[in-house]
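*Asks:* Shown below is the structure under consideration.
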Amino acid sequence: MLVLRSGLTRALAARKLAPQVCSSFATGPRQYDGTFYEFRTYCLKPSKMNEFLENVKKNIHLRTVHSELVGYWSVEFGGQMNKVFHIWKYDNFAHRTEVRKAVAKDKEWQQSVVPNLALIDEQETEITYLVPWSKLEKPAKEVHVLWWNENADSRAAGRHQSHEDPRVVAAVRESVNYLVSQQNTLLIPTSFSPLK
């Protein structure tokens, strides 16, 4: 089980995003460090989640030939339902460009995607980097604002404990002025997700 915490800062709130597809790119010194992760979110038509996931499960091997799938989850609760969330790893932007070109030319993958296109209402993508003090492990302890928990009860216990830590309280007090909104989402790994 993973919990995705997403927030909207005042700077991001000022942007006007397209209603159907939106994309965010990280900026600053981490942008030049090379390896990054693409977070992709698909909002599906109600009652089409199982059909969509079965199609992906059957054909994901065609896509993972081109780049590394870190994980693939469905939303259990928190935010919009009928949503899947997946993370792809890239060495740099040139690597991502090469992969996107190869995927576009892969006829077998393209044909496997066609049945799912009609099941998707919205798509979002975001480029993210690991924070300097973290690393990606299986199971991961933390990625960006993606937190791994054994279960929902252990997450609740950890949050209660962190609220008693003066370092966490201080960090929240310092950053809260930049936050416009925050949302937590419980993610359940799919059977084909490398990262559980």
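The values are calculated or read from the model by the stated rules, or taken from the named source; none is laboratory data. Keep in mind that this is a model prediction, so the values were computed, not measured. Heads up, the Cβs are rebuilt from the backbone with ideal geometry, glycines too, and the neighbour counts pull from every protein chain shown. With ligands, DNA and RNA removed, areas are computed over all heavy atoms of the protein, side chains included. Shrake-Rupley method; radii C 1.70, N 1.55, O 1.52, S 1.80 Å.
*Asks:* Count the net charge of all other residues whose Cβ sits under 13 Å from the Cβ of ALA104, scoring Lys and Arg as +1 and Asp and Glu as -1.
*Replies:* Value of the local net charge: +3.
*Asks:* Excluding ligands and nucleic acids, what accessible area in Å² is computed for ILE60 using a 1.4 Å probe, to the nearest 10?
*Replies:* Per-residue accessible area (ILE60): approximately 20 Å².
*Asks:* Which order do you get for ASP153, ASP165 if you rank them by accessible area with a 1.4 Å probe, largest at the top?
*Replies:* Reading off the accessible areas and sorting them downward yields ASP153, ASP165.
*Asks:* Another question, if that's okay. Taking all protein chains together and a probe of 1.4 Å, list HIS86, HIS160, HIS66 from the most accessible to the least accessible.
*Replies:* HIS160, HIS66, HIS86
*Asks:* Moving on to the next point. If you add up the charges near SER67, with Lys and Arg at +1 and Asp and Glu at -1, over every other residue whose beta carbon is less than 10 angstrom from its beta carbon, what do you get?
*Replies:* 0
*Asks:* Using only the heavy atoms of the protein chains and a 1.4 Å probe, how would PHE93, PHE77 rank by accessible area, largest first?
*Replies:* PHE77, PHE93
*Asks:* Also, I was wondering about something else. Positive end of the charge dipole of segment 57-126 (Lys, Arg +1 and Asp, Glu -1 on Cβ, about the Cα centre): tell me which of PHE85, VAL113, VAL75 has its Cα farthest that way.
*Replies:* Result: VAL113, furthest along the dipole toward the positive end.
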